[in-house]
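The values are calculated or read from the model by the stated rules, or taken from the named source; none is laboratory data. Note that the structure is a prediction, hence the values are computed from the model and not measured. Cβ coordinates were reconstructed from backbone atoms using ideal geometry, including for glycine residues, and neighbour counts include every protein chain displayed.
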């Protein structure tokens, strides 16, 4: 079984246009299991304002928790994230004050690494930069 951890942009496109349905709702049995990051849930809720969007996220959270597919970063991921963010600042020139989303991306990458999942994202630049300082599985989609 291949484990996948979808980034926030995948869920946004899924909700807005139906893209990535084949990843998040495969029509055939698959050897892939999609896990949901608590960080992604947080990011999605931060831009959610309608009842239908809130209901979607409430359901996603509930189903993920009940099926044991919700991935919550432990304390050690936060410590490691801080170290990786320092490396990204010194090695890649990131200004963390201007790229708060990078912190979330690092936590998503570390969560995927911890459970042996592949991050699925459209955010090539940031995730490849993270991958250059910490190994994890990554699949860029467009």
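Testing residue 1 on (1) modelled with pLDDT under 95; (2) in contact with a strand residue (DSSP E or B) (Cβ under 7 Å, 6 or more places away or on another chain); (3) surrounded by 15 or more Cβ atoms within 10 Å (Cβ to Cβ), one condition comes back false. Which one is that?
(3)
Please pick out the residue among 101, 93 that is on the phi > 0 side of the Ramachandran plot and either in contact with a helix residue (DSSP H, G or I) (Cβ under 8 Å, 6 or more places away or on another chain) or loosely packed, with under 14 Cβ neighbours inside 10 Å (or both).
Among 101, 93, only 93 is on the phi > 0 side of the Ramachandran plot and either in contact with a helix residue (DSSP H, G or I) (Cβ under 8 Å, 6 or more places away or on another chain) or loosely packed, with under 14 Cβ neighbours inside 10 Å (or both).
Report, by residue number, each residue of region 114-142 that is in a helix (DSSP H, G or I) and under 24 Å from residue 46 (Cβ atoms).
Hits for region 114-142 are 114, 115, 124, 125, 126, 127, 129, 130.
Kindly provide the set of residues from region 23-38 that are in contact (Cβ under 8 Å) with a residue 60 or more places away in the chain and within 12 Å of residue 11 (Cβ to Cβ), ordered by number.
If the condition is that a residue be in contact (Cβ under 8 Å) with a residue 60 or more places away in the chain and within 12 Å of residue 11 (Cβ to Cβ), then 23, 37 are the ones that fit.
Per-residue answers, yes or no, for (1) outside any helix (DSSP H, G or I); (2) within 15 Å of residue 113 (Cα to Cα):
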{"position": "10", "(1), (2)": "no, no"}
{"position": "13", "(1), (2)": "no, no"}
{"position": "19", "(1), (2)": "yes, no"}
{"position": "26", "(1), (2)": "yes, no"}
{"position": "39", "(1), (2)": "no, yes"}
{"position": "54", "(1), (2)": "no, no"}
{"position": "57", "(1), (2)": "no, no"}
{"position": "64", "(1), (2)": "no, no"}
{"position": "78", "(1), (2)": "no, yes"}
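Each row is one residue, and each column tells you yes or no for (1) surrounded by 13 or more Cβ atoms within 10 Å (Cβ to Cβ); (2) in contact with a strand residue (DSSP E or B) (Cβ under 6 Å, 6 or more places away or on another chain); (3) at positive phi.
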{"residue": "32", "(1), (2), (3)": "yes, yes, no"}
{"residue": "49", "(1), (2), (3)": "no, no, no"}
{"residue": "65", "(1), (2), (3)": "yes, no, no"}
{"residue": "70", "(1), (2), (3)": "yes, yes, no"}
{"residue": "74", "(1), (2), (3)": "no, no, no"}
{"residue": "80", "(1), (2), (3)": "yes, no, no"}
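Residues in region 109-142 that are surrounded by 19 or more Cβ atoms within 10 Å (Cβ to Cβ), without any contact (Cβ under 8 Å) to a residue 40 or more places away in the chain and out of contact with any strand residue (DSSP E or B) (no Cβ under 8 Å at 6 or more places or on another chain): how many?
So the answer is 2.
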